[in-house]
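Colleague: There's a structure below that I have some questions on.
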Amino acid sequence: MIYNSSITKPEIPGIDREEFPGRKIIAEYLHPEDTDSVDTNGVRAITALSDPTRRAIFESLPQGPRSVADLAAATGITSSAASQHLRVLREAHLVTMRRAGNRHLYSLDPRGLSDARDYLEQFWPSALAAHAAALREATAPAQPTRR
């Protein structure tokens, strides 16, 4: 990679900076609020909670804000591992972090749950219809078979 004179804009020989495919990915990472939709956030929240360790961390937060060390001890993992899991939960808008001295305290963020709920609600009408059809089929009298 060659840096131009400003040092802040890396240039890759043979690739036009504006056409670089990773540009959009980097923009989404740096400014997710500009590119994410509710569906994307809902899927991100569900995906984040699919990991059992992250789910255990998430489920220990309704009691109130907790430090990384407390969450690590509660789940039986290292503080470093807990921090990595908390980063994923923060990116999914499931937890928030605030500083208290030299500690980071984490608590639930209702945005992620709201996004996951909104995402799943789009499937609710068809799920209810399928349930009603299955119930009708199960309670319908059996038709006699002809011989």
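The values are calculated or read from the model by the stated rules, or taken from the named source; none is laboratory data. Source: prediction; values computed, not measured. Please note: Cβ atoms are built from the backbone with ideal geometry, for glycine as well, and neighbour counts cover all protein chains shown.
Colleague: Given the criterion surrounded by 18 or more Cβ atoms within 10 Å (Cβ to Cβ), more than 29 Å from PHE123 (Cα to Cα) and modelled with pLDDT of 90 or more, identify the matching residue among ALA45, ALA72, ALA92.
Modeller: Going through ALA45, ALA72, ALA92 in turn, just one is surrounded by 18 or more Cβ atoms within 10 Å (Cβ to Cβ), more than 29 Å from PHE123 (Cα to Cα) and modelled with pLDDT of 90 or more: ALA72.
Colleague: Quick check on ALA116: is it in a helix (DSSP H, G or I) and at pLDDT below 95?
Modeller: yes
Colleague: Among the residues of segment 101-147, write down those that are exposed (fewer than 13 other Cβ atoms within 10 Å of the Cβ) and of a type in the set (S, T, N, Q).
Modeller: Passing the criteria: ASN102, GLN122, SER126, THR139, GLN143, THR145.
Colleague: Which residues, counting only those in segment 61-98, are of a type outside the set (A, V, I, L, M, F, W, C), under 25 Å from SER114 (Cβ atoms) and outside any helix (DSSP H, G or I)?
Modeller: PRO62, GLN63, GLY64, PRO65, ARG66, HIS93, THR96, ARG98
Colleague: Considering only segment 24-31, I want to know if a residue exists there that is assigned to a helix (DSSP H, G or I) and at pLDDT 90 or above.
Modeller: no
Colleague: Given the residues LEU105, LEU128, which is the only one that is under 28 Å from GLY42 (Cα atoms), under 22 Å from the mean Cα position of the chain (by Cα) and not small (Gly, Ala, Ser)?
Modeller: From the options LEU105, LEU128, the qualifying one is LEU105.
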